[in-house]
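So the structure is just underneath, and the comments pick up after that.
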């Protein structure tokens, strides 16, 4: 089975902004996904969010697959929204877009979801993923690629040419 990772907006921002705290770790994940041939998926919702501050064309677009938001994603998003608001774990304006992105992750059967938004993982994904129709492995950039995939720790210098 081909492994896929859905990239959150915060991952793309962290990858492209050298001043972000986890920039080097994001580059390590990016290199790992390329080396291991894990398909990197970007939602049309993520494109919209990212493009507010930076043109999506600043990214190496040839390394990504793009995923449109469709009716099945909208229905799944409503289901996730309903599960969350039964719990009221977290309230943020951006959550509606987060739910849409997670719905796409579930519907596309992505193996992984990577984000720099630890609160999204800790308060939405971890407590609710057993209620979803597809199991997602949520990757926190701050934990580093080694903590999830083991093996040889990547050298940050190896990533400078990416």
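The values are calculated or read from the model by the stated rules, or taken from the named source; none is laboratory data. None of these values were measured; they are calculated from a predicted model. Positions of Cβ are backbone-derived with ideal geometry, glycine not excepted, and every protein chain shown enters the neighbour counts.
Remark: pairs (first residue in the range 126-146, at negative phi and at pLDDT below 75; second residue in a helix (DSSP H, G or I) and surrounded by fewer than 17 Cβ atoms within 10 Å (Cβ to Cβ); Cβ separation under 6 Å; 6+ apart in sequence or on different chains) = 128/83; 131/83.
In the range 2-21, which residues are over 14 Å from the mean Cα position of the chain (by Cα), in a loop (DSSP other than H, G, I, E, B) and either crowded, with 23+ Cβ neighbours inside 10 Å or at pLDDT 95 or above (or both)? Across the range 2-21, the qualifying residues are 17, 18, 19, 20, 21.
Within the range 16-29, residues that are closer than 20 Å to residue 147 by Cα have Cβ atoms under 6 Å from residues that are in a loop (DSSP other than H, G, I, E, B) in these pairs: 22/116; 25/144; 28/154, counting only partners at least 6 apart in sequence or on another chain. Going through (1) touching a strand residue (DSSP E or B) at 6+ places or on another chain (Cβ under 9 Å); (2) surrounded by 15 or more Cβ atoms within 10 Å (Cβ to Cβ); (3) outside any helix (DSSP H, G or I) one by one, residue 29 falls short only on (3). Among residues of the range 60-88 that are over 24 Å from residue 4 (Cα atoms), those with a Cβ under 6 angstrom from a residue that is at pLDDT below 80 and surrounded by fewer than 13 Cβ atoms within 10 Å (Cβ to Cβ), sequence gap 6+ or separate chain, pair up as 83/131.
Taking the criterion of being closer than 19 Å to residue 105 by Cβ and in a loop (DSSP other than H, G, I, E, B), no residue of the range 44-58 qualifies. Candidates are the residues of the range 96-131 that are over 11 Å from the mean Cα position of the chain (by Cα) and under 16 Å from residue 4 (Cβ atoms); the one that is surrounded by the fewest Cβ atoms within 10 Å (Cβ to Cβ) is 109. Among the conditions (1) surrounded by fewer than 21 Cβ atoms within 10 Å (Cβ to Cβ); (2) modelled with pLDDT under 95, residue 76 misses just one, which is (1). Of the residues making up the range 108-123, those that are in a helix (DSSP H, G or I), touching a strand residue (DSSP E or B) at 6+ places or on another chain (Cβ under 9 Å) and either under 17 Å from residue 48 (Cα atoms) or in contact (Cβ under 8 Å) with a residue 24 or more places away in the chain (or both) are 118, 120.
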